[in-house]
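Trainee: Please see the structure below; I have some questions.
The values are calculated or read from the model by the stated rules, or taken from the named source; none is laboratory data. Remember, predicted model here, so these are calculated numbers, not experimental data. Positions of Cβ are backbone-derived with ideal geometry, glycine not excepted, and every protein chain shown enters the neighbour counts.
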């Protein structure tokens, strides 16, 4: 076992896993994290803890991940390349492992121009593929990137992100292939609203046999309103929301109910797709809907690790 995490055990056993997401607060109040954890506990197998998402300063993913552990849930700590050089990345990984964090998602991070401090400087010393290479070497060989040997190597399951909706598809597949080769044990995708485009992307993935080399976890998001759906379609890079979905949200007498129904439809299709090893349920500050979705999708109770 690379990390002996709950997520790793379930994936290796062939279970259909469910991961969800916890956004740290724009505050030094740890109770905000604990409150979210208590709402979500038991409704997913592990929880992504975001890292200054949308380039807005929040409690660190490392600190919020520790709160998750203290509340009895398994975190997937996110680490962006935007904010750290390779020294800070390696240091934070060692610290995370020492604190008992067993899963880490390597991501580029939203560009700072999308946040509330666009004048800040990014780092991007490494990209997310290189980040995976560094961390895999630390875990598997017990060496820092400079070659120094560590007395105790980190125990960590490494994850990567993939976007099926980037053009051209071939470029997206090449990027994913490089991340898998670099060390991605699991892959979480962008939220899937456009099933036709996702299946087109996934057919290329399967033709290369990539779904057999990593664990692909498909992203889904419940829409709260037509306004939210339209904003995501127009402002989030790499997001594909078909006109049919927008029309359904615009004409729905109960937008939240319709958004939940659309999410459940995607889960049903993805659950029956060979090689998809789970879903990543992203509620986007709507944590209270997660129990309903999990129950209606018949994904409860979660399997014992």
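Trainee: On the given criteria, is residue 217 under 26 Å from residue 33 (Cβ atoms), modelled with pLDDT of 95 or more and surrounded by 15 or more Cβ atoms within 10 Å (Cβ to Cβ)?
Mentor: When the stated conditions are applied, residue 217 passes them.
Trainee: Only residues that are within 21 Å of the chain's Cα centre (by Cα) and either part of a loop (DSSP other than H, G, I, E, B) or farther than 20 Å from residue 178 by Cβ (or both): list them for region 109-139, please.
Mentor: 109, 110, 111, 112, 114, 115, 124, 126, 127
Trainee: Next question. From the list 187, 166, which one is modelled with pLDDT under 95 and touching a helix residue (DSSP H, G or I) at 6+ places or on another chain (Cβ under 8 Å)?
Mentor: On inspection, the qualifying residue turns out to be 166.
Trainee: Quick one: in region 244-302, of everything that is at pLDDT below 95 and part of a helix (DSSP H, G or I), which residue is nearest to residue 220 (Cα to Cα)?
Mentor: Out of the qualifying residues, it is 287.
Trainee: Taking region 1-58, which residues are out of contact with any helix residue (DSSP H, G or I) (no Cβ under 7 Å at 6 or more places or on another chain), part of a loop (DSSP other than H, G, I, E, B) and surrounded by 23 or more Cβ atoms within 10 Å (Cβ to Cβ)?
Mentor: 5, 44
Trainee: Could you tell me how many of the residues in region 193-234 are touching a strand residue (DSSP E or B) at 6+ places or on another chain (Cβ under 7 Å) and within 21 Å of residue 180 (Cα to Cα)?
Mentor: Going through region 193-234 one residue at a time, the tally reaches 6.
Trainee: Name every residue in region 176-197 that is buried (at least 24 other Cβ atoms within 10 Å of the Cβ) and either without any contact (Cβ under 8 Å) to a residue 40 or more places away in the chain or more than 20 Å from residue 107 (Cα to Cα) (or both), in order of residue number.
Mentor: Hits for region 176-197 are 176, 187, 193.
Trainee: In region 140-181, which residues are under 28 Å from residue 95 (Cα atoms), out of contact with any strand residue (DSSP E or B) (no Cβ under 8 Å at 6 or more places or on another chain) and in a helix (DSSP H, G or I)?
Mentor: 140, 141, 178, 181, listed by residue number.
Trainee: Taking region 216-273, which residues are farther than 18 Å from residue 54 by Cβ and free of Cβ contacts under 8 Å to residues at least 24 places away in the same chain?
Mentor: Listed by number, the residues that qualify are 243, 244, 246, 247, 248, 251, 253, 254, 257, 261, 265, 272.
Trainee: Just the residues that are under 16 Å from residue 31 (Cα atoms) and under 18 Å from the mean Cα position of the chain (by Cα), please, taken from region 68-84.
Mentor: 68, 69, 73
Trainee: Which one of these does residue 202 not meet: (1) on the phi > 0 side of the Ramachandran plot; (2) in contact (Cβ under 8 Å) with a residue 40 or more places away in the chain?
Mentor: Every condition holds for residue 202 apart from (1).
The rows are residues; the columns are (1) loosely packed, with under 15 Cβ neighbours inside 10 Å; (2) touching a helix residue (DSSP H, G or I) at 6+ places or on another chain (Cβ under 7 Å); (3) more than 25 Å from residue 22 (Cβ to Cβ).
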position: 70; (1), (2), (3): yes, no, no
position: 77; (1), (2), (3): no, yes, no
position: 89; (1), (2), (3): no, yes, no
position: 123; (1), (2), (3): no, no, no
position: 132; (1), (2), (3): no, yes, no
position: 159; (1), (2), (3): no, no, no
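Trainee: Then there's this: Applying the selection to region 246-271, what residues are over 21 Å from the mean Cα position of the chain (by Cα) and surrounded by fewer than 19 Cβ atoms within 10 Å (Cβ to Cβ)?
Mentor: 246, 247, 248, 250, 251, 252, 253, 254, 256, 257, 261
Residues checked against (1) touching a residue at least 40 places away in the same chain (Cβ under 8 Å); (2) more than 24 Å from residue 26 (Cβ to Cβ):
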residue	(1), (2)
102	yes, yes
115	yes, no
123	yes, no
132	yes, yes
136	yes, yes
143	no, yes
147	no, yes
154	yes, yes
